[in-house]
């Protein structure tokens, strides 16, 4: 992981030179993770991302893949660092979901993708205030994106005709709605989730009660509580027909950072 695409400290300090609080965030995480925090230059995607990889000694490595030349490198870098920060502060890190051995590989991939998008959106609401405190504006928080909601709804409804998706279609639909709802909540504009709700209604008789559960759960705000989030999420996802997520906990010691499986 230490190839030519690693961004060095001097370049990172230059990127964050106008945002001293952002530079402090990076310094704190670099101190916490040591060599287990890497910032890489992303060349194959239009989106900056983060993830936790595993090095040769089976230690987790916190990775940020940063897209350069966008004019928003500082905001994008701090956004991804805040994802890492909340998990290093104690939030349980979802990495997969419980599934029977019989689950179809494609269905498993779709569930996993939608769970990942859902948790990503939850993270955003968890640390948006911290992002603003670093000196950034709200419109710098997310990369612009457009999605064809009508085509997405049609595609999801089409899963009903595929037997391998039958048991997961409700959960996938609810995750899809919840992710859009969270993004709308972040932006203060609920037009996309309202359009989704309207699009699903004729095809899924239980969609409106499920969507109401999503709205109620997020109004309670328990997802921002370190001690309560994992259990609260399990209850919500069970209500929505989603397989139970599996979690890691980051553990720090003088020997480095390890991942502990949370059951």
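Which one of the conditions (1) closer than 25 Å to residue 224 by Cα; (2) over 15 Å from the mean Cα position of the chain (by Cα); (3) modelled with pLDDT under 95 does residue 43 fail to meet, given that it meets all the rest?
(1)
Give the stretch 222-257 a look and list any residue that's in contact (Cβ under 8 Å) with a residue 24 or more places away in the chain, loosely packed, with under 15 Cβ neighbours inside 10 Å and in contact with a strand residue (DSSP E or B) (Cβ under 9 Å, 6 or more places away or on another chain), or say none.
Once the filter is applied, which keeps residues that are in contact (Cβ under 8 Å) with a residue 24 or more places away in the chain, loosely packed, with under 15 Cβ neighbours inside 10 Å and in contact with a strand residue (DSSP E or B) (Cβ under 9 Å, 6 or more places away or on another chain), the stretch 222-257 yields 244, 252.
What's the number of the only condition in (1) at pLDDT 90 or above; (2) surrounded by fewer than 17 Cβ atoms within 10 Å (Cβ to Cβ) that residue 219 fails to meet?
Single failed check for residue 219: (1).
Could we say that residue 186 is in the same structural domain as residue 120 (by TED's automatic domain parsing), out of contact with any strand residue (DSSP E or B) (no Cβ under 6 Å at 6 or more places or on another chain), surrounded by fewer than 17 Cβ atoms within 10 Å (Cβ to Cβ) and in contact (Cβ under 8 Å) with a residue 24 or more places away in the chain here?
In short, yes.
Going through the stretch 139-151 one residue at a time, which ones are in contact (Cβ under 8 Å) with a residue 40 or more places away in the chain and not in a loop (DSSP other than H, G, I, E, B)?
140, 149, 150
From 229, 173, 260, grab the single residue that is touching a helix residue (DSSP H, G or I) at 6+ places or on another chain (Cβ under 7 Å) and closer than 30 Å to residue 35 by Cβ.
229
Within the group 68, 112, 72, which residue is free of Cβ contacts under 8 Å to residues at least 60 places away in the same chain and either at positive phi or not assigned by TED's automatic domain parsing to the domain that holds residue 224 (or both)?
68
Considering only residues of the stretch 59-89 that are touching a strand residue (DSSP E or B) at 6+ places or on another chain (Cβ under 8 Å) and in a loop (DSSP other than H, G, I, E, B), which is modelled with the highest pLDDT?
Within the stretch 59-89, the match that is modelled with the highest pLDDT is 68.
Within the stretch 35-50, which residues are part of a helix (DSSP H, G or I) and out of contact with any strand residue (DSSP E or B) (no Cβ under 7 Å at 6 or more places or on another chain)?
35
The values are calculated or read from the model by the stated rules, or taken from the named source; none is laboratory data. From a predicted model like this one, the values you see are computed outputs, not experimental measurements. For neighbour counting, all protein chains shown are included, and Cβ atoms are generated from backbone atoms with ideal geometry for every residue, glycine included.
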